[in-house]
């Protein structure tokens with residue numbers, strides 16, 4: 001019974017559909033007729049209607065970069081830092097950035113003066129961090145290099161993350177300023193200064209440390 | 001060679017300017033200077049997009065950046081209105097994927113969470129998340145899967161509740177050697193809300209109650225508050 005009902009339903013829908021189709025074709029024929037009368041051309045040109053999708057437009061909201069520079073770990077000297085970043089540009093002003101970096105601590109002045117004494121093992125001197133930050137392009141404009149004008153941005157950035165140092169995790173705030181020089185739509189050069197702030201008890205008492213980073217990087221938009 | 005070029009140009013979307021004129025900036029932001037304009041009824045090619053800015057090419061082969069608000073008044077070659085628009089609350093109601101970052105307090109420790117969420121239906125989603133909690137005496141890494149119910153998906157402030165399970169790995173702080181490293185199964189119950197902000201962004205706030213099934217005599221209960229930004233696709 002149910003299947004018969006269903007086939008009845010299907011038949012009715014089919015009938016309505018065919019009727020609709022016929023009605024629309026006859027309507028379009030009627031509509032087309034007066035145009036043909038007006039037109040002296042024997043051959044009516046066939047105009048290709050291109051269907052256009054917005055998705056075809058190439059978007060370049062992501063930016064991937066590598067950077068290198070100097071990292072000053074409080075009490076543990078200055079060393080080379082290497083890292084990578086990926087940024088997503090939310091609007092012309094705001095972007096979100098995920099950053100990874102690694103450096104190595106050298107000896108504190110106490111260790112150097114004392115002769116052979118070591119506060120940390122070699123493995124414990126590895127310093128790695130990750131953070132997620134939000135940047136704000138404060139001065140978008142042109143920079144002049146010789147007679148040529150290039151696009152550039154000055155941005156402020158701040159975020160949170162984790163620092164692994166002395167075999168320990170430290171919740172870390174970062175704050176900084178950067179300059180993005182954009183010679184091509186798809187390519188930019190960065191200069192960044194960041195301060196990584198976290199609490200550390202490596203030297204006994206708990207204290208807030210400021211760890212400054214100065215880097216230069218290249219980025220690609222995609 | 002010319003034919004080839006012409007073919008390559010066909011790849012770009014072409015539109016007709018309806019506004020009296022369009023202002024072309026040298027870069028994709030309001031701060032970049034306006035160096036060219038395009039007049040009404042001119043055909044322009046759209047080369048690429050960065051955030052809300054479109055790089056266009058004029059019939060005279062000049063290139064520049066135009067804001068989306070100026071392009072909403074353009075027509076496609078077959079006379080249809082172009083539909084350049086940003087995401088709205090409608091897209092929020094019909095979202096499929098979410099990724100987000102949350103930060104908060106995990107029983108006194110600072111926590112960071114990265115998650116991905118997929119909507120099976122508008123009212124039910126599955127989520128995978130990774131959390132790092134960084135405390136003074138220990139730090140933990142946690143992976144969770146959960147099933148979330150969204151009873152009012154059409155509301156701008158949409159509450160949800162969730163049930164999940166996962167594992168937690170806790171290791172003592174480097175300067176302490178009193179506790180041992182351990183990995184335990186974990187179950188959680190969450191309550192929270194998604195608040196639609198703008199474009200594709202949501203503010204999420206949630207409270208989690210975890211039960212850690214330790215190998216010791218008593219199970220541990222941990223409370224967590226967190227909030228953060230979510231992007232949907």
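Placing R0 at 30 angstrom, the Cβ-Cβ distance between residue B:136 and residue A:112 gives a FRET efficiency of 0.55 after rounding to 0.05.
Across peptide A:141-150, the average count of Cβ atoms from other chains found within 10 Å of a residue's Cβ is 2. Modelled label positions at residue A:82 and residue B:128, each set 7 Å beyond Cα in the direction of Cβ, lie 2.9 nm from each other. Entry note, region A:85-167: relative contact order of 30 percent, from Cα contacts under 8 Å with a spacing of 6+ residues. Other protein chain C-beta atoms within 10 Å of residue C-beta, averaged over B:49-58: 4. Per-peptide packing, taken as the mean over residues of other Cβ atoms within 10 Å, places B:96-105, A:150-159, B:213-222 in the sequence A:150-159, B:96-105, B:213-222 from highest down.
Note on chain B: GNM, Cα springs under 10 Å; of B:195, B:46, B:89, the largest mean-square fluctuation is that of B:46.
Springs between alpha-carbon pairs under 10 angstrom, Gaussian network model over chain B: which of B:200, B:87, B:40 fluctuates most? Result: B:40 has the largest fluctuation of those listed. Across peptide B:130-136, the mean count of Cβ atoms from other chains lying within 10 Å of each residue's own Cβ comes to 4.
Projecting label points 7 angstrom from Cα along Cα→Cβ for residue A:222 and residue B:23 puts them 3.5 nm apart. Our summary gives chain B a relative contact order of 14 percent, counting only alpha carbon pairs under 8 angstrom and 6 or more residues apart.
Each reported figure results from applying straightforward, stated rules to the coordinates on display, with no laboratory input. Nothing here was measured: the structure is a model prediction, and the numbers come from that model. Every residue, glycine as well, gets a Cβ built from its backbone with ideal geometry; the counts of neighbours run over all protein chains shown.
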